[in-house]
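The values are calculated or read from the model by the stated rules, or taken from the named source; none is laboratory data. Values in this document were obtained by computation on a predicted structure and should not be read as measured data. Heads up, the Cβs are rebuilt from the backbone with ideal geometry, glycines too, and the neighbour counts pull from every protein chain shown.
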Amino acid sequence: MKAANWFPTRILIVDDKEHIRESMRDRIARSSERYLVETTGSGADALEKVRRTSFDVVLSDLFLKGEMDGIEVTRRICEERPETRVIVFSGQESGESQRKVLQAGAFLYLSKPIDYDELIHGIETINKIRRTEQLGHYFRILAEISYDLQSSLDLKYLADRIVQGAYGLGYQRARLYLFDSDSQTLIGLAICGGSMPAEEFAQYRIPVAARPIIGELFYQDRPVIWDKKIIVDRFGQDSIKPWMDDFDLHEIPWIDCPLFVEKNQIGNLAVDHHGQPDLPITDDDLQIMGVLAGLAAQALNKSRLFERERLANASLRSILEDVPDAVITTDLQGTITFASPSGQRILGYRPKEMTGRPAASFYTDEKGDTQAGEAVAHLIMRRLRAEGPISNMRVHVRVKDGSIVPFSLSGSLLHDDRSNEVGTLGILRDLRVLEAQSRQYRDLLEGFGYGMLLLNKDGTISFVNRKAERLLQTASEHLEGKPFTELVMPMQLATFQESLDKVLATGDEVNVNLSLQRPDQTRITLEVRLTPTRIGTEVDGVALALYDRSELSAVIQSGRLMALGQMVAGVAHEINNPLNNMLVAARSIRDRLEPSNAFSERERDYFSMIERNAGRIGEIIRLLREFARPAEFTRNPLQIRRVIEDSLTFFRTRFLHRDIYIEIDLPNDLPSVLGEERRLQQVFVNLFVNAEDAMEGQSEPKKIRIEGRSAPERVIVEVSDTGKGIPDEIREAIFDPFFTTKDTNKGTGLGLSISKSILDLHRGSIEATSNPAGRGARFVIGLPTV
Ligand code: ADP
């Protein structure tokens with residue numbers, strides 16, 4: 001809808017002679033369509049009419065029949081309705097009556113016969129004055145609004161003031177919406193006028209995408225006039241029906257003003273028309289609303305930014321209090337604009353002592369040369385500009401007590417909303433602490449007894465522990481930075497690559513046997529476990545645990561396993577507390593640093609590795625401790641049947657649920673064996689667990705058969721199952737500690753090795769064979785009789 005150029009002028013003609021009234025009406029109405037003319041014959045009626053409707057101009061004859069003449073009418077109108085201008089005409093050429101008329105407040109005195117050019121000119125002059133007055137009035141209101149909007153940052157206050165302001169400008173109803181660009185939603189903010197309660201309006205959440213019409217109405221680049229007819233023509237009656245109800249729109253036109261900050265629309269201000277049906281919305285209205293919308297947009301934006309900054313500052317401050325590092329910002333000249341309170345711990349300076357001073361004055365070189373500070377500050381700036389964010393640059397700072405301390409600096413440039421550089425942000429970490437920490441990680445990795453290698457995602461080696469150096473007979477500095485594939489025998493490259501890809505893609509652990517080539521051209525076959533290392537949830541590298549089977553079988557062959565077993569038990573006991581402490585310490589460091597993003601990727605890896613592996617060590621220790629309750633070992637005469645049935649107690653219901661059928665064939669007259677009940681129970685428990693695992697998920701009948709017989713000085717017990725059986729190649733290996741074919745989470749590889757050591761302790765025996773009855777495994781146990 002187009003805005004009118006100008007208001008109509010409402011004119012009332014007062015003359016007691018009808019033919020004069022009518023001919024005047026004709027003449028005036030003919031000269032412009034903007035003139036709305038009414039007539040009356042009496043002064044009293046004229047006054048009534050003026051009271052009811054606001055006329056712009058009253059044209060009155062000086063002589064009127066009745067109590068009121070033209071002078072009286074003029075006086076009363078000017079008193080009661082000063083905005084209405086009166087023009088008086090008369091046939092009397094007396095200076096006296098002219099003076100009286102003007103004294104009564106008339107705007108103009110015309111003598112008859114009326115010169116219509118002069119009359120129209122008079123009316124137009126009145127229009128001009130009216131318009132100037134009107135605009136003056138508007139701008140006084142706008143000035144007040146503007147003043148109020150500048151005096152507050154409170155969103156609610158501002159919003160209310162804006163709609164009240166619009167209402168005060170004469171519009172019937174004003175509604176203010178904010179636009180949330182993240183959710184593309186208009187949010188009702190404030191309303192003034194109309195019948196809708198403010199609380200109800202504040203519930204408005206209008207998803208713009210779901211309402212194309214709203215999008216069309218609200219997203220304009222300037223104030224636009226709408227009315228129901230335009231909308232119906234444009235969108236059809238049906239499509240606007242629900243929308244109209246929602247919005248409680250009447251027939252009258254309204255103006256939608258977009259609120260812009262720069263080029264972004266942040267909201268919308270809608271005002272309904274003045275409420276006088278025959279007065280159109282004019283260009284002046286659009287301009288005035290444009291000005292108000294501009295004021296509103298600036299005020300709301302300021303308040304939003306302030307609010308955002310306040311929140312950001314509050315959370316930033318609490319983070320900055322917590323991080324153990326020093327956080328410092330500078331402007332582009334290198335002057336410190338902010339220093340975190342936490343920095344005092346490592347730098348010694350209070351924030352006040354740092355802000356306002358050049359960062360360069362704190363930097364030095366290793367020797368403490370203060371002149372070097374400038375150069376360091378320059379270098380930092382140059383690197384930030386050329387390479388972007390810096391991580392872990394080594395710098396030296398003269399701390400409060402005068403000593404020169406190495407720090408690790410990470411930093412980036414700071415930008416404002418419009419991505420102009422405004423300064424720098426730097427985080428300083430005490431390298432002495434970091435180095436001590438990384439020594440601890442290394443010690444931890446050293447302590448694992450495995451060879452440990454860390455690989456980056458691209459397969460290059462980033463860390464090698466001493467055990468791995470020994471296995472590969474290569475110093476870590478010759479390995480780090482090289483692709484691990486250089487070590488893999490050519491025929492196994494594909495196998496390795498496949499495993500690596502799998503770990504990186506799935507995040508699962510993978511075990512492979514790999515033949516690796518050493519520098520002296522000898523080769524070593526190692527069992528390699530590939531475990532993903534992660535940043536957050538994303539796999540970013542792989543840890544390789546290298547495990548030398550030949551070493552172990554040597555230990556076994558030399559018969560030292562027993563001693564080792566005892567030792568392991570003792571060690572397990574001793575390790576548990578420090579391990580727990582370590583885990584708690586690692587977690588608390590991580591919990592403290594994590595939220596501030598103070599971790600480098602590498603550190604994050606180490607942490608997740610520490611946690612995962614320490615968890616696993618804990619699990620193994622728990623198992624070891626369970627089995628290896630202190631060394632005393634007392635043997636008593638036992639009924640093997642009792643031992644087996646006690647071991648089965650846990651399993652009976654479990655097996656029932658899993659459709660595992662137990663068959664026991666133990667003659668009553670079996671001689672007693674000599675043994676420790678608890679440990680022997682453990683052996684059977686291990687066998688049952690393995691049997692259950694071996695039959696998991698199979699459709700064939702699941703059966704465990706326990707059969708006993710007597711032999712010279714021995715009792716033989718056979719435990720067989722109908723599971724997947726044990727391939728010949730691994731029949732020996734299954735008794736080795738840590739040998740497992742199960743998922744890492746399920747198998748520890750300890751069950752059978754512990755069972756074997758228990759039987760060794762009893763001078764008994766355990767062997768695995770295939771089940772002669774077809775599929776499945778059979779374990780044959782021998783125990784000495786009393
Ligand atoms: P774990 O059960 O933790 O793997 P064990 O030492 O108890 O450790 O067993 C070692 C391996 O021996 C198992 O991973 C499995 O491959 C094999 N094994 C043991 N018992 C059975 C069985 N009843 N049937 C088939 N394989 C078995």
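Worth a mention:
- Scope the stretch 158-214; condition small (Gly, Ala, Ser) and buried (at least 17 other Cβ atoms within 10 Å of the Cβ); matching residues: Ala159, Gly165, Ala166, Gly170, Ala174, Gly188, Ala190, Gly193
- Within the stretch 343-366, tally of residues that are among the polar types (S, T, N, Q), part of a helix (DSSP H, G or I) and at pLDDT 90 or above: 1
- With respect to (1) out of contact with any Pro (no Cβ under 9 Å at 6 or more places or on another chain); (2) crowded, with 18+ Cβ neighbours inside 10 Å; (3) farther than 16 Å from Lys112 by Cα; (4) not β-branched (Val, Ile, Thr), the lone exception for Ala44 is condition (2).
- Selection status of Tyr177, in a loop (DSSP other than H, G, I, E, B) and aromatic (Phe, Trp, Tyr): no
- When the strands (runs of 3 or more DSSP E) confined to the stretch 1-119 are screened for residues that are farther than 30 Å from Gln287 by Cβ, modelled with pLDDT of 90 or more and within 60 Å of the chain's Cα centre (by Cα), none reaches at least 1 such residues.
- Verdict on Ser361 being closer than 27 Å to Tyr606 by Cα and polar (S, T, N, Q): no
- Verdict on Arg130 being of a type outside the set (Ser, Thr, Tyr) and assigned to a helix (DSSP H, G or I): yes
- Applying a threshold of 8 Å to beta carbon distances and a minimum spacing of six or more residues, or different chains, the list of pairs starting in the stretch 733-755 at a residue that is touching a residue at least 12 places away in the same chain (Cβ under 8 Å) and at positive phi and ending at one that is near the ligand (Cβ under 6 Å from one of its atoms) and assigned to a helix (DSSP H, G or I) reads Phe738/Ser753.
Conditions tested, residue by residue: (1) under 16 Å from His415 (Cα atoms); (2) touching a Gly at 6+ places or on another chain (Cβ under 9 Å); (3) part of a helix (DSSP H, G or I); (4) free of Cβ contacts under 8 Å to residues at least 40 places away in the same chain.
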{"position": "Leu311", "(1), (2), (3), (4)": "no, no, yes, yes"}
{"position": "Ser318", "(1), (2), (3), (4)": "no, no, yes, yes"}
{"position": "Pro341", "(1), (2), (3), (4)": "no, no, no, yes"}
{"position": "Gly368", "(1), (2), (3), (4)": "no, yes, no, yes"}
{"position": "Met381", "(1), (2), (3), (4)": "yes, yes, yes, no"}
{"position": "Ser391", "(1), (2), (3), (4)": "no, yes, no, no"}
{"position": "His396", "(1), (2), (3), (4)": "no, yes, no, yes"}
